[in-house]
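Working notes for the structure below.
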Amino acid sequence: MTSVTGHRHGRLIPTLVALAVLGVGIAGYFWYDSTSRTPAYTSSPVTRGDVEDSITALGTLEPLNYVDVGTQVSGQLKVLHVQLGEQVEQGQLLAEIDPTLYLARVEASKAQLANLRAQMADREAQRSLAALQAERQRNLIRLEATSREALESAEANLRSATAQIEALKAQIRQTESALKADEADLNYTRIYAPMAGTIVQQLANQGQTLNANQTAPVVVQIADLTSMTVRTQVSEADIAQLKVGMPAYFSTLGQPQRRWEGQLRQILPTPEVLNNVVLFNALFDVANEDGDLLPQMSAQVFFVRAAAENALTIPVSALQPSTGGRSSGPGRAGEERSGSVRMGSVHQVQVLDAQGRPQPREVRIGLRTRVSAVVLEGLEEGERVVTGGLPQSGAAGRTSAASSRRFM
């Protein structure tokens, strides 16, 4: 009986020892693993770059200077001397209206004027005769060789002849004025370019009958394409942030990598409502010496509110509220060009040390967009800041406040 019990005890002890060793091993593994693992943080380096705070909008290109060339007289468009895309000079003949009707009017007015001038010569001769007769009657009345009635009749004939001449003079002036109008209409049958530029629109074809009685029909449109205007539609939510003179630039669909720059010239006060959306037109001009920009091109426009060049930048996701709650004065923002945002606000970031552990640090932030923020003070280029992966309590809460670097 004793031998059986001892035998059982002999087999149980090694089993317990093995279980104890296994438990110690498992506990040691989990303890080592928990102490050796470093929390995984997402981080980003502090780099130098350009940051821009801008308002985006869509725009359409149109010539800065253009003119609609129309006709002031009605008739058939007999000859069109230009075509779309052609370069024209000021004073160049563009088109001709059939002048037959206007030539006839000019000839009729000239004939009527000649008739009136002939009548004038006749009336002047009659007045001369009346003047002689009146003078003879005056001489005879002094000699009492004629009657008073004959003198009065002669003087009345003289006054009548003079009045008829004045009436003919008025008719001649009226006819001369009508002749000038007819000659002007005849000249209007030849249409000349009022400015140098490019034919960008042709709204009438050769042989077409044009009616200018109510409105002046447009034959062609001439535009100076060396300077273009960008007509941009800006929403009512952004229009208050635009100021005349602020920098703006755009790119086109055909050349997305190229950038044309200008300054906001004008904000039109009357909006356009499209699908219940209120849009205001903002205009700025750009040079187009190479002719790459054409009317009605679409443009992706950027109005620059603020910009910083070659500045230290970090992602916005790295910023945390400052524990000190202090805001410093203006920083060393030598690279800042402009801006409407408040400069010098203090935030806290988590900076990874040499062992990869986050350390809290206060920094002064300048220009800030939705993606990047400009660092004015508190960080050096190449340092890494934590952008994600911190526990909710924050690494700063587990780190002594004394370990954080503050600046005045």
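The values are calculated or read from the model by the stated rules, or taken from the named source; none is laboratory data. Please read these numbers as outputs of a predicted model, since none were measured by experiment. Quick reminder, even Gly has a Cβ in these numbers, built from the backbone with ideal geometry, and neighbours come from all protein chains shown. With ligands, DNA and RNA removed, areas are computed over all heavy atoms of the protein, side chains included. Shrake-Rupley method; radii C 1.70, N 1.55, O 1.52, S 1.80 Å.
A compact table of results
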| item | result |
| --- | --- |
| Rounded accessible area of R48 (nearest 10 Å², 1.4 Å probe) | 110 Å² |
| Pairwise centroid distance, computed over Cα atoms, of region 211-242 with region 246-309, Å | 14 Å |
| Region 95-185 pair-distance distribution - Cα-Cα, 10 Å bins, rounded % | 17, 29, 21, 15, 10, 6, 2, 0 |
| Note, ³J(HN,Hα) from phi for region 147-163, Karplus 6.51, -1.76, 1.60, rounded to Hz, x at Gly and Pro | 8, 4, 4, 5, 5, 5, 5, 5, 5, 5, 5, 5, 5, 5, 4, 5, 5 |
| Theoretical FRET efficiency, 1/(1+(r/R0)^6), r = Cβ-Cβ of A118 and Q266, R0 60 Å, to 0.05 | 0.45 |
| Distant-in-sequence amide H partners of A306 (H built 1.01 Å from N, under 5 Å) | D53 |
| Fraction of alpha-carbon pairs over 23 Å apart in region 52-152 - percent | 68 percent |
| Within straight-line cross-link reach of K78, aspartates and glutamates at Cα separation under 16 Å, skipping those fewer than 8 residues along the same chain | E96, D98, D185 |
| Extension reserve of the R142-R190 stretch, reckoned as 0.36 nm per residue once the Cα distance is removed | 10.6 nm |
| All lysines inside 23 Å of K110 as judged from Cα atoms, apart from same-chain residues fewer than 8 positions distant | K169, K180 |
| Förster radius 51 Å - calculated FRET efficiency between A170 and L84, Cβ distance, rounded to 0.05 | 0.50 |
